[in-house]
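A short worksheet on the structure shown next.
The values are calculated or read from the model by the stated rules, or taken from the named source; none is laboratory data. Because the structure is a prediction, the values reported are computed rather than measured. Cβ placement follows ideal geometry from the backbone for every residue including glycine, while neighbour counts extend to all protein chains displayed. Each accessible area value is taken on the protein alone, full model and side chains, heavy atoms only, with ligands, DNA and RNA left out. Shrake-Rupley method; radii C 1.70, N 1.55, O 1.52, S 1.80 Å.
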Amino acid sequence: MTDPLSPTDELDSLCLDRRSFLRTGLGGALFLGTVSLTAGLSGCATAPAGRLGAVDTRMDARYQFQFLSADDIELLEALLPAILGSALPEQANARRIAIAGTVERIDMGIHKFGPANQKELRQLFDLLNFGLTRVTIARVWPAWRDATAEQADAFLQRWRSSSIGLFNNGYMALTKISNVAFYGHQENWQLSGYPGPPDWAVQALPQFRSA
């Protein structure tokens, strides 16, 4: 299980370099671009997933995905339990709902990123979703929807401790966007030790007031 970011790390993660989210360098950028192009030519789905049925996915049926593809969603559903660990509810239905909500917030967040960061994240997701590179680079043999928690965790730990900068930065990108989307949600503030906005802010700023 990966360690969740501290509140300070979460704030730092929002201060993204405007030109590069992954900071891969020229070699990493060329590699990601080549893989992304190959994945696209091979028919790998990269179009936003749009609306998904709530019954099977636990997604909000009203929500329309604007960045994440169906493959990206399966990838994140496989990785989030390994990234968030015991912070997720134990009860199965509540757990699925928490994961679904986090995936939606990840999509919302990436949609607000600049084009350069969106491009790099698209290339990272393509790298992990494309069958050849999923097996050879991520070393995950089954499709992400069939991957076990142990396989997802092992992948993250390999990339976390890798001597290859692209993998380290990919790990940081995946865990940062996941942690911010989860711990930044009001219902999960207490899990990171954040008590919520101060009373004066609640009174002064209407957006902090409860409906």
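Tabulated data
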item	result
Region 104-140: trypsin sites (Lys or Arg not before Pro) in DSSP loop, at most 14 other beta carbons within 10 Å	112, 139
Estimated inter-spin distance, residue 64 and residue 97, nm [label 7 Å along Cα→Cβ]	2.6
Per residue solvent-accessible surface (Å²) - region 87-167, probe of 1.4 Å	49
